[in-house]
Each structure stands twice: as structure tokens, then as C-alpha cells.
1. State whether one or more residues within the stretch 77-90 are among the polar types (S, T, N, Q) and at pLDDT 95 or above.
2. Does any residue of the stretch 91-98 turn out to be touching a Pro at 6+ places or on another chain (Cβ under 8 Å) and among the polar types (S, T, N, Q)?
3. If you check P186, P151, which single one turns out to be on the phi < 0 side of the Ramachandran plot, in a loop (DSSP other than H, G, I, E, B), surrounded by 15 or more Cβ atoms within 10 Å (Cβ to Cβ) and in contact with an Asp or Glu (Cβ under 7 Å, 6 or more places away or on another chain)?
4. Filter the stretch 87-103 down to residues that are of a type outside the set (A, V, I, L, M, F, W, C) and in contact (Cβ under 8 Å) with a residue 40 or more places away in the chain and give me whichever is surrounded by the fewest Cβ atoms within 10 Å (Cβ to Cβ).
5. Select, from T222, T207, T249, the only residue that is among the β-branched types (V, I, T) and at pLDDT 95 or above.
6. Does the stretch 164-175 contain at least one residue that is surrounded by 15 or more Cβ atoms within 10 Å (Cβ to Cβ), outside any loop (DSSP other than H, G, I, E, B) and in contact with a strand residue (DSSP E or B) (Cβ under 9 Å, 6 or more places away or on another chain)?
7. It is to be established whether one or more residues within the stretch 227-236 are in contact with a helix residue (DSSP H, G or I) (Cβ under 9 Å, 6 or more places away or on another chain), under 30 Å from N43 (Cβ atoms), in contact (Cβ under 8 Å) with a residue 60 or more places away in the chain and not assigned by TED's automatic domain parsing to the domain that holds L109.
8. When you go through (1) of a type outside the set (V, I, T); (2) touching a residue at least 40 places away in the same chain (Cβ under 8 Å); (3) under 30 Å from Q103 (Cβ atoms); (4) crowded, with 16+ Cβ neighbours inside 10 Å one by one for L268, which number turns out not to apply?
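The values are calculated or read from the model by the stated rules, or taken from the named source; none is laboratory data. Small disclaimer: the values here were computed from a predicted structure and weren't measured. Methodologically, a virtual Cβ is constructed for each residue, glycine included, from the backbone with ideal geometry; neighbour enumeration extends over all protein chains shown.
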Amino acid sequence: MKIHKWYTILIIGLALILPGSLAACNKSEEVPYAPNFTLKTTNGESVSLSDFRGKPVMLTFWKIDCPACQFQIPYTQAFYDEWSSETIAVLTVNVGDSISAVQDYVTGLGITYPVLLDRQGKVAQVYGIPGVPVTFLIDADGILKAYQIGPFQSRQAIESALKSVFPSLTLSPKTSVSPEIGNVAPDFTLQTTDGQSITLSKFRGKTVLLNFWVSSCPACVTEMPYFEAVFDKQTNKGLVIVAINCGETSQTVHNIVDGLKLTFPILLDPDGKVCTDYKRGAPTTFIIDGNGIIKAIKDDAFQSSEEIMNMLDSM
């Protein structure tokens, strides 16, 4: 209990003179270990702070109705997307919001970093936070090294703070995730045939049927009307159908789209980068759930619209 009181006194006291700044935490009488805790994620998984011993941790407390928290979230997500979790752990704690509200919020914004639920605010109380957002920087031994009251202003600001507090830290870029069942589908942004920009992660909360094709593949072209039939008949607004053409010219793709009267989004991948990231040939279809997780892969063509529906219904 003594260390908990110390955190409360230190943070509230310095909050009055260091708002929004990165402050060092030093105390000669005792080592300032970050209090351990165990909380549930939005998926019901139990996570403890001590699970991350051996690597630095960036721990942020936040709430849904906090404008400053909302401001920081995109920068936290950008940082999480860029750097490997083997280098540093990104952990966030929502304080006081309902499970359903946090789940909807996380899905709506496409948040993929860990979000823990502190429904009663007990962990926030232990840490003595004066408000939100507050970010703690904890070293590999579990020792609190610094904290930030208020939001970081950019992804680069997060990186600079980490390098300042942990001089020996080397941030390692994330390696590409293999597009297999159970893994997060690699994100991308591509243009449709009519010039609209589409980003896969913007469809979080919906089921995505993602097809890869080329016009020189007869089976690819043959199955296109089946996707159109499902697209035309679907009343479920939670389903998105998207097809990516791999490496062909816009005119070639337009000829197929116009000839088959396709109305669902057809994306252009002129340099084949996204097709290469997904590491499969054509035709291939991925079924991706509302959390961005690949649930099924079909490595050949569908034979009917009914087969597509049966696959979707089985998810």
C-alpha cells in the first residue's frame, strides 16, 4: 500500500506544474516498480502487466469521451502498426466505460493494439492518475521510468519520448504477417476503377469477402458474376465484397467490369504489391471477419453464388 500512496502523491503533485509534459520518476528510498495488475481485454482474455517483463511497456489510460484521448489514438495506432511488439509492448487501459461501448469504439476506429477494461477504475486509482490520457513508460524490469500527462502530438513524439527514456532501445519494424487463417489480414489502400480510395481496415466491424483475380484467368472471370449475384441480393449491410485485380492496366480491367456489368468495388493493384503481400495466385478469395482476422481462404474459383453464400453462412 505504501508504494501505491507514493504514486498518487507524486503524480498529482507534479501534474500541477508539468501538465502535458514527459516527467522522470525518481525516488531514492525505494525502486518505483509499476504496480502489477490483471485485466480483461475486449475479447475476454486476461492480461497482466507482468506478462510483458523483458521488454519496455508503453501503458496509456484513456476514456471514450475524452477529446485528448481521441486525439492521441491515431498516433498510438500508427506507432503500433510500425514497430514490432518484440521491441516494445503497447498496452492501453480504458477507465470506466462499458464493455459494449469500448468494443464498438475499438471496432469503429479500427484499433488493433491491446485494450484492457478497468470498469471500476481500480487500476487507475492504484496508479493515482489525475485524469486521462496519462501514459507511463515502464522498463524491461517493470520499473516506472517516466510518464506523460496529456496526449502525444504525433507518432514521432511517441518515438522521441521512448528513445529519450530508453537510450539503448532500438525500434524494430514489424515483419509482414503471413495471410493465413487466424492472422490479421494485411492492410492496404488501393484505388477502384472509378478512382475511389479504399482501405481494408476501414471495414472493421463488417465481414469482408476479398477476391484476387486477373483477366487472363478464365476461372477468375467466370466466377465474377457469382460475386455480383451475392452483392445484388445481399440485404446484410455487414457484408463487403471487394475484388483486387493483380497487375493489369486500368483499361483491361474496365473492359471486364463493363462487359460483366459488375457493380461491387473492383480495385487496381497495378504493381502487384498487395497481391504479392497476400502470397497466393488467382483466383483466391479470403473471408475476413469484423476484427480483421482471416477466417477462411478458398484457393480456387467458386462454382455458384450459392457456394459463396454457404461459405459465408458457415463463418
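1. Initially, the stretch 77-90 is screened for residues among the polar types (S, T, N, Q), giving 77, 84-85, 87.
Narrowing the set further to residues that are at pLDDT 95 or above leaves none.
Within the stretch 77-90, none of the residues are among the polar types (S, T, N, Q) and at pLDDT 95 or above.
2. Here is the first cut: in the stretch 91-98, the residues touching a Pro at 6+ places or on another chain (Cβ under 8 Å) are 91-92.
Pick out the ones that are also among the polar types (S, T, N, Q) and you get 92.
Scanning the stretch 91-98 turns up at least one residue that is touching a Pro at 6+ places or on another chain (Cβ under 8 Å) and among the polar types (S, T, N, Q).
3. Working: P151 fails: in contact with an Asp or Glu (Cβ under 7 Å, 6 or more places away or on another chain).
None of the others qualify; the one that does is P186.
4. Of all residues in the stretch 87-103, those of a type outside the set (A, V, I, L, M, F, W, C) come to 87, 92, 94, 96-98, 100, 103.
Keeping just the survivors that are in contact (Cβ under 8 Å) with a residue 40 or more places away in the chain gives 87, 103.
Working: T87: 15, Q103: 17.
Checked the stretch 87-103; the qualifying residue surrounded by the fewest Cβ atoms within 10 Å (Cβ to Cβ) is T87.
5. Details: T207 fails: at pLDDT 95 or above; T249 fails: at pLDDT 95 or above.
Step by step, each of T222, T207, T249 is checked, and only T222 is among the β-branched types (V, I, T) and at pLDDT 95 or above.
6. Taking the stretch 164-175 first, the residues surrounded by 15 or more Cβ atoms within 10 Å (Cβ to Cβ) are 165-166, 169.
Retained after the next criterion (residues that are outside any loop (DSSP other than H, G, I, E, B)): 165.
This time we only want the ones that are in contact with a strand residue (DSSP E or B) (Cβ under 9 Å, 6 or more places away or on another chain), so: 165.
Scanning the stretch 164-175, I find at least one residue that is surrounded by 15 or more Cβ atoms within 10 Å (Cβ to Cβ), outside any loop (DSSP other than H, G, I, E, B) and in contact with a strand residue (DSSP E or B) (Cβ under 9 Å, 6 or more places away or on another chain), so the answer is yes.
7. yes
8. (3)
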